[in-house]
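One structure is given here, and the rest of the page talks about it.
The values are calculated or read from the model by the stated rules, or taken from the named source; none is laboratory data. These numbers were taken from a predicted model, which means no experiment stands behind them. FYI the Cβ positions are ideal-geometry reconstructions off the backbone, even for glycines, and counts take in every protein chain you see.
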Amino acid sequence: MNTDTKPVMFIFDLDGTVTSEETLPLIANHFKVEEEIENLTKETIQGNIPFVESFIRRVFILGKLPVSEVADLLETTKLYPHLLEFIQTHRDNCAIATGNLECWSYKLLQKIGCAYYCSDSIVENNKVVKLTKILRKEQIVENYQQEGYKVVFIGDGNNDLEAMRVADIAISVGTTHYPSKSILPITDYLIFNEEALCRQLSQLL
Ligand SMILES: [Mg+2]
């Protein structure tokens, strides 16, 4: 039980945390640009390319694809059903923070049904022509803290690191794949299955 007087805000990463498959390979497979994306992902994981640059390059490769088709495709991304139920039951205390572009993810995010925060871009003729904002997840955490919330961040990747550091409680999930090593030292709870995650979230409410 949350014995604080502060209300709790759960902020979730999207890919691999709420979805049980990564959205980027889904797009790459569908549009047959796997090779380009795979090379980029490999280079990023090896640390040869910093995340922000990798993200910009990714958007450059995928931005040429028809935006409406990407949004339709991502709407079909597999989600963790019990986690989805938890979010929908407590939607006023849940939010999603994803680095993905809003124009690609909004249909999926609206289906989930809580507040969400994404990276932004300019779309012209159904194509991404310019990246205008890369979401800094820690900023969302700080905003909710300033509003008086106790923030629990739930994530699995290196791009969740700063948000998890700033959050009052950090939960690393290994439900889709093993969480990034970088987030383990700042983790309060390390959870490997959906049921255990939902139980833990209910206890923190
Ligand atoms: Mg993730």
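Numbers for the structure displayed
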quantity	calculated
Near pairs, Cβ below 6 angstrom, 6+ apart or cross-chain, from segment 77-90 (part of a helix (DSSP H, G or I)) to any residue that is among the small types (Gly, Ala, Ser)	Gln88/Gly113
Among (1) touching a helix residue (DSSP H, G or I) at 6+ places or on another chain (Cβ under 8 Å); (2) farther than 26 Å from Glu194 by Cβ; (3) in a helix (DSSP H, G or I), the one test that Leu65 misses	(3)
Output for segment 118-142, where each listed residue is crowded, with 20+ Cβ neighbours inside 10 Å and assigned to a strand (DSSP E or B)	Cys118, Ser119, Ser121, Val128
Options Val59, Val18, Val67, Val33: the member that is more than 18 Å from the chain's Cα centre (by Cα), crowded, with 18+ Cβ neighbours inside 10 Å and not basic (Lys, Arg)	Val67
Residue in segment 178-185 that is of a type in the set (Gly, Ala, Ser), under 25 Å from Leu73 (Cα atoms), within 15 Å of the ligand (Cβ to nearest atom) and buried (at least 16 other Cβ atoms within 10 Å of the Cβ) present	no
Pairs, first without any contact (Cβ under 8 Å) to a residue 60 or more places away in the chain and farther than 26 Å from Ala71 by Cβ in segment 124-153, second of a type in the set (Gly, Ala, Ser) and surrounded by 12 or more Cβ atoms within 10 Å (Cβ to Cβ), C-beta under 6 Å, six or more apart	Glu138/Ala163
Selected residue (only one of Glu35, Glu102 is of a type in the set (Asp, Glu) and either assigned by TED's automatic domain parsing to the domain that holds Lys130 or closer than 22 Å to Pro179 by Cα (or both))	Glu102
Evaluation of Val129 against (1) among the β-branched types (Val, Ile, Thr); (2) within 15 Å of Ile11 (Cβ to Cβ); (3) over 14 Å from the mean Cα position of the chain (by Cα) (one fails), failing number	(2)
Segment 157-172 residues that are within 11 Å of the ligand (Cβ to nearest atom), paired with ones that are hydroxyl-bearing (Ser, Thr, Tyr) and modelled with pLDDT of 95 or more (beta carbon under 7 Å, 6 or more apart)	Ser172/Thr187
Residues within segment 167-196 that are touching a Phe, Trp or Tyr at 6+ places or on another chain (Cβ under 8 Å) and assigned to a helix (DSSP H, G or I), tallied	1
Candidate set: segment 13-37, residues that are of a type in the set (S, T, N, Q) and assigned to a loop (DSSP other than H, G, I, E, B); chosen: the one farthest from the ligand (Cβ to nearest atom)	Ser20
Filter pass, Phe55 being touching a strand residue (DSSP E or B) at 6+ places or on another chain (Cβ under 7 Å), in a helix (DSSP H, G or I), closer than 28 Å to Met164 by Cα and within 16 Å of the ligand (Cβ to nearest atom)	yes
Checking Ala115 against (1) under 13 Å from the mean Cα position of the chain (by Cα); (2) within 16 Å of the ligand (Cβ to nearest atom), the condition it does not meet	(2)
